[in-house]
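Asker: I'd like to ask you about the structure that follows.
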Amino acid sequence: MCKSSRLVTFRELNPKDAKAWFPVSLMLVAMIYTGSLGLQFLPVSLFTVFKNLTIIGVALGERQLFKSRITPLMWLSFAMIVGSSLLGAYHDITFNVKGYSWMLLNCVMSAGYILYMRKAIKTVGFADLDSVYFNNCLGVPVMVALSLLVDNWPDFMSQYFGSGPMVESRSSLLAGMLLSSVSAFMISYSTAWSVRVASSTTYSMCGALNKLPIAISGLLFLSSERATFNLGNLASVLLAFASGILYSMAQIRLRSASKELTCKARSSPPTATAHVHELQAVEEVDSEAPKTALLPK
């Protein structure tokens, strides 16, 4: 509808691009599915610990695939964000074989999804809405097939339809599903945009740090959160905040070094230019990313 009225533009679904993008959609479905199963066996705080560990996997994968550079400051910030989540989950740490297994698989799928998306965006030349559209077209059929195979649909229908006990709350369920769908669209769009203009590691780090304003808001506005707040929670919040500052400093230093070598190359022999090209090859920020949005649809 929006495309017909020319409010938005995106690439039409076609076999060539669908084949190139299908692994991304498949890993997205696997990430969502394994994460939901992990939450069935583990508390949210431990779930967060595993998600933050994914940052390290993404950084290592990006170094291997895109020759990105990981500085000592970055390693320190990664360790601090993981330590922050461990402090927050200190009282909830339990061992569950099923939960740990599903979350380890979720870490692999999450890292693979982010890394392969960056590669596919550059290969196929997708803009942000193209990524969202292809994700929905290719991922939803897989989700529906999995739901029909795994979920108990007869029980759901008997609960929420006819004379079932949950009929009165059906409107709330539908409203929640609508809100979840809108949120999923925004997450999908912002993920594609962030990976395209920045780097997979930066995206993962921002995903870990977004828990910080949530925690602070809970302390300010929810009395139940203030009642259970302790020194461990405070240390967790402060450590996460410090890790974000360190990672920002590491990125600023990396870009400053690249700019300095670029300036020197303008008035130096060709060997200096070679050093510039070498540094740019390992720099995390993808300099060619903005061009992908300008490719013809």
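The values are calculated or read from the model by the stated rules, or taken from the named source; none is laboratory data. Everything numeric in this text was worked out from a predicted model, so none of it was measured. When we count neighbours, we look across all protein chains shown, and the Cβ atoms used for this are built from the backbone with ideal geometry, even at glycine.
Asker: Kindly evaluate Thr54 against the criterion of being under 22 Å from Lys119 (Cβ atoms) and touching a Cys at 6+ places or on another chain (Cβ under 6 Å).
Answerer: It is true that Thr54 is under 22 Å from Lys119 (Cβ atoms) and touching a Cys at 6+ places or on another chain (Cβ under 6 Å).
Asker: So, one more: Just a yes or no: is a residue in region 247-261 hydrophobic (A, V, I, L, M, F, W, C) and at pLDDT below 75?
Answerer: Yes, region 247-261 has at least one match.
Asker: Moving on. What's the number of the only condition in (1) outside any helix (DSSP H, G or I); (2) buried (at least 17 other Cβ atoms within 10 Å of the Cβ) that Ser131 fails to meet?
Answerer: Looking at each condition in turn, Ser131 falls short on (1).
Asker: Another one. Restricted to region 40-73, and to residues that are in contact with an Asp or Glu (Cβ under 9 Å, 6 or more places away or on another chain) and closer than 19 Å to Ser236 by Cα, which residue is surrounded by the fewest Cβ atoms within 10 Å (Cβ to Cβ)?
Answerer: Filtering first and then ranking leaves Val44.
Asker: On to the next question. Within region 166-183, is there a residue that is modelled with pLDDT under 85, surrounded by 14 or more Cβ atoms within 10 Å (Cβ to Cβ) and not polar (S, T, N, Q)?
Answerer: Among the residues of region 166-183, not one is modelled with pLDDT under 85, surrounded by 14 or more Cβ atoms within 10 Å (Cβ to Cβ) and not polar (S, T, N, Q), which makes the answer no.
Asker: Something else about it: Please verify whether region 184-203 includes one or more residues that are loosely packed, with under 12 Cβ neighbours inside 10 Å, part of a helix (DSSP H, G or I), out of contact with any helix residue (DSSP H, G or I) (no Cβ under 8 Å at 6 or more places or on another chain) and modelled with pLDDT of 80 or more.
Answerer: Yes: one or more hits.
Asker: Could you grab me the full set of residues in region 11-66 that are part of a helix (DSSP H, G or I) and of a type in the set (S, T, N, Q)?
Answerer: Matches in region 11-66: Ser25, Thr34, Ser36, Gln40, Ser45, Thr48, Asn52, Thr54, Gln64.
Asker: I'd like to know if region 95-107 contains one or more residues that are surrounded by fewer than 19 Cβ atoms within 10 Å (Cβ to Cβ) and within 18 Å of the chain's Cα centre (by Cα).
Answerer: Taking every residue of region 95-107 in turn, at least one turns out to be surrounded by fewer than 19 Cβ atoms within 10 Å (Cβ to Cβ) and within 18 Å of the chain's Cα centre (by Cα).
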